[in-house]
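Coordinate-derived values only; no laboratory data. Being a predicted model, the structure only gives us computed values, none of them experimental. Here the Cβ positions follow ideal geometry from the backbone for every residue, glycine too, while neighbour counts run over all protein chains shown.
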Amino acid sequence: MKDSVSLCRLILLLAILTLLPWGGGGSLGVCFAQSPYLQAVDEYVPAPGQFVNTLPVTTADDTPQTVAQKCTEAIAGDYTSQSHGMITLGAWGGYVTFHFDHPVVNVPGERDFAVFGNAFENNAEPAIIWVSVDRNQNGMPDDEWYEIKGSEYDNAATIHNYELTYTYSGEKQAVAWTDNQDNSGSISRNKYHKQEYFPLWLTSKGTLTLTGCRLPDNASQVDNGEGGLMWILPAYEYGYADNQPNSNREGCSVDISWAVDSKGQSVTLPYVDFIRCQNAMNQTCGSIGETSTEIIGAEDLHPDATTAISPIVSDVLTPSVYAIHGERLTFPRRGINIIRYADGKTKKIIIK
């Protein structure tokens, strides 16, 4: 799986270097068909919640790697398939990071990718969407993250640089939390979901601290028409995951050009390699419980796009490709390929 991801990114990089002068110009052609659906989950760190450890099913024996694989099995591929699954992000701050089998290109004037959840009318559980470029070309989501600027970014009630710590209090106990706004509360248990709510593979750490952005509460109670009250959670206008119903493709879609840095300044990203969805709601709605984002899949809206694109990577990482017997290649081939970087480091990849 990682080899195929590395191959795709390497092909993209080599094509850029072959077709474009340094700094841009020309056009980039993708040389093979690419899947429009997400390929794999890289990270899964849910906050405590009533669906945690069941979507997907996890145990104390799991590791970050095995839970990521379980999430991949649940949400990778065609999200419209009847066999497709769903994952929960738990309460505020829980997140999932994923990638496609190719970089997602920023096509000017168009929305570039969509993320799908289980939202329906008046039941939105919005997640902030973040994007990142694999600048260090190590195939891992460890570079700078940029927030997709949704409709509530400038809302006075939105809290940027929000931080919250969950504390494991013991088996099947309510999970207490404190935040950096001098608030505290808990993720309470209910009679419908009897499993442990704290991520089982993280209980040994005792606490879980998450940082990000908190959106304003969207929940309120209204007359249900039968003499009682019901909770409604209206959607925000645009820019979030699990916010609009999946039937509203535009509402589920984002433009990479909406990305901003940590200071709120717009950034120019010709493409992105990783996408992260992070629950942005810290609210509890009575018997419904905590507001928890669910994700079922994602789609690149133009996987075969051809566009002008400027390489972002440093020239010290510009690779050359060789066959096992030493022949220099334009692109990697099936079999063993040797990747040699300008700094002298080499890497072997096997293309099946």
Filtering trypsin sites (Lys or Arg not before Pro) in the stretch 199-272 by DSSP loop and by at most 10 other Cβ atoms within 10 Å leaves Lys263
As straight-line cross-link partners of Lys348, the qualifying aspartates and glutamates (C-alpha separation under 17 Å, not fewer than 8 residues apart within one chain) are Asp3, Glu327
Note to self: Kirkwood Rh of the stretch 46-129, Cα pairs, one decimal, Å, is 14.7
The lysines whose Cα lies under 18 Å from the Cα of Lys347, excluding any fewer than 8 residues away in the same chain, are Lys2
Once the in-chain neighbours fewer than 8 apart are removed, the lysines whose Cα is under 26 Å from Lys205 read Lys70, Lys172, Lys194
Expected vector for the stretch 193-202, Karplus 3J(HN,Hα) from phi with 6.51, -1.76, 1.60 and θ = phi - 60°, integer Hz, x for Gly and Pro, equals 10, 9, 7, 5, 8, 7, x, 4, 6, 10
Inverse of <1/r> over all distinct C-alpha pairs of the stretch 60-185, i.e. the Kirkwood Rh in Å, gives 18.0
Val57 and Val267 label points (each 7 Å along its Cα→Cβ direction) are spaced in nm at 3.9
So the FRET efficiency between Asn155 and Asn224, C-beta based with R0 = 30 Å and rounded to 0.05, is 0.60
Kirkwood Rh over alpha-carbon pairs of the stretch 233-278 plugged into Stokes-Einstein at 10 °C, 1.306 mPa s gives a D in µm²/s of 130
Checking rank on 219-227, 155-163, 62-70, with mean other Cβ inside 10 Å and highest first, the result is 62-70, 155-163, 219-227
Heads up, the stretch 143-299 by the C-alpha gyration tensor (a ≥ b ≥ c square roots of eigenvalues; a/c under 1.5 rounded, else a/b over b/c prolate, else oblate) looks oblate
Expressed in angstrom and rounded, the centroid-to-centroid distance over alpha carbons for the stretch 134-149 and the stretch 217-284 is 21
hull vol. (C-alpha, convex hull) per residue for the stretch 153-238, Å³ -> 154
Residue by residue through the stretch 151-161, the couplings from Karplus 6.51 cos²θ - 1.76 cosθ + 1.60 with θ = phi - 60°, in Hz, x for Gly and Pro, are 5, 9, 4, 9, 4, 4, 8, 6, 10, 7, 6
